[in-house]
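Report on one structure; see the data block that follows.
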Amino acid sequence: MIEIGKYHELEILRETSVGLFLGDEEGEDILLPNKYMPESYDIGDKLTVFVYRDYAERKIATNLTPKILLNEFALLEVTDVSDVGAFLDWGLEKNLMVPFKEQRQKMIKGRWYVVCMELDTQTDRLFASNKIEKRLNNEELSVKDGDEVGVLVYQKTDIGYSVIINNKHKGLIFENEIFQELRIGDKLTGFVKKIREENKLDITLQPIGFKKFNDANMEAIYNALINHGGHLPLTDKSPPGIIYSELGMSKKAFKKAVGSLYKERKITIESAGIKISSSDENE
């Protein structure tokens, strides 16, 4: 079955006056209108297309890129409000509707909201909702301590930012661990720092721990030293913001990595900064 709201790799079955008909292995076919056809093709070729319903509620394929996929979250702009709901720009010709019952508060034209796109199984139509919390489940976690995860920032709180993790779970980035500007709707790579009681997830944007030669911390510092002629004007007294802007890591991670590099005699520590050791330069 060719489900809407998703990408599919489909075979070109035949060419008609209105476009190409594409099909799957189960025998279902679907139209790729003329305006979305590739410049060159052969019958039997495979095309990756996105499938949704057009204004006539027909299931069609497109090569346009949607800003959100089924069961995923994204920050979208309200382009119109009518007596049936709000409509969002999601990158396709037909806007995505948010029914009034799926709005936490009445949406306003021109404003941006983090929403989830879902499928109404009774009508087989896509819709969006900004009732985020009920779509996040931390009862059964699919992540563990230290895991790298995808995060989407969706709410500012008194102690940091609430984030959506892997389109499944809710997490929190604490204010004192943020060393860059965050905005609602930002999609970032994060790491599970800690799983607290009731499966509450603490997320950090800095990699946790390191291997023999830490990819995220030790290696980043060492590569930065090489790129700056063997010297960096950073010390344990440097402001956290300066360290983050130069290396993309927290001051705590910087100090830990510098200590490890020093123990391995990869660098020397001076009052004006850190430097690649002379023995390492000669290797």
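The values are calculated or read from the model by the stated rules, or taken from the named source; none is laboratory data. Predicted, not measured: the structure shown is a model, and the values here were computed from it. Positions of Cβ are generated from backbone atoms using ideal geometry, with glycine treated the same way; all protein chains shown enter the neighbour counts.
Structure notes:
- Val143 part of a strand (DSSP E or B), touching a residue at least 24 places away in the same chain (Cβ under 8 Å) and β-branched (Val, Ile, Thr): no
- Number of the condition not met by Tyr161 [criteria: (1) hydroxyl-bearing (Ser, Thr, Tyr); (2) more than 16 Å from the chain's Cα centre (by Cα); (3) over 21 Å from Asn71 (Cβ atoms)]: (2)
- Scanning the stretch 164-176 for residues that are in contact (Cβ under 8 Å) with a residue 24 or more places away in the chain and not hydrophobic (A, V, I, L, M, F, W, C), we see that the one that is farthest from Asn71 (Cα to Cα) is Gly171.
- Selection count where residues are surrounded by 16 or more Cβ atoms within 10 Å (Cβ to Cβ), under 30 Å from Lys67 (Cα atoms) and modelled with pLDDT of 85 or more, scope the stretch 177-225: 10
- In the stretch 149-163, of all residues being touching a Gly at 6+ places or on another chain (Cβ under 8 Å) and either of a type in the set (A, V, I, L, M, F, W, C) or modelled with pLDDT under 95 (or both), the one that is nearest to Asn138 (Cα to Cα) corresponds to Val163.
- Odd one out for Phe127 among (1) within 27 Å of Pro33 (Cβ to Cβ); (2) hydrophobic (A, V, I, L, M, F, W, C); (3) out of contact with any helix residue (DSSP H, G or I) (no Cβ under 7 Å at 6 or more places or on another chain): (3)
- Against the criterion of being farther than 22 Å from Ile243 by Cβ, outside the structural domain of Lys252 (by TED's automatic domain parsing) and among the acidic types (Asp, Glu), Asp186 does not qualify.
- Checklist (1) under 30 Å from Tyr113 (Cβ atoms); (2) at pLDDT 90 or above applied to Pro233, failing item: (1)
- Here the condition is being at positive phi and among the polar types (S, T, N, Q); of Asn223, Asn176, Asn166, it holds for Asn166 alone.
- Candidate set from the stretch 38-71 (those that are assigned to a loop (DSSP other than H, G, I, E, B) and within 16 Å of Asp124 (Cβ to Cβ)); member that is farthest from the chain's Cα centre (by Cα): Ala56
- For Asn71, the requirement of being closer than 23 Å to Asp186 by Cα, in contact with a strand residue (DSSP E or B) (Cβ under 6 Å, 6 or more places away or on another chain), at pLDDT 95 or above and of a type in the set (S, T, N, Q) is not met.
- Among the residues making up the stretch 1-37, those that are of a type in the set (Gly, Ala, Ser), surrounded by 11 or more Cβ atoms within 10 Å (Cβ to Cβ) and either at pLDDT below 95 or in a strand (DSSP E or B) (or both) are Gly19, Gly23.
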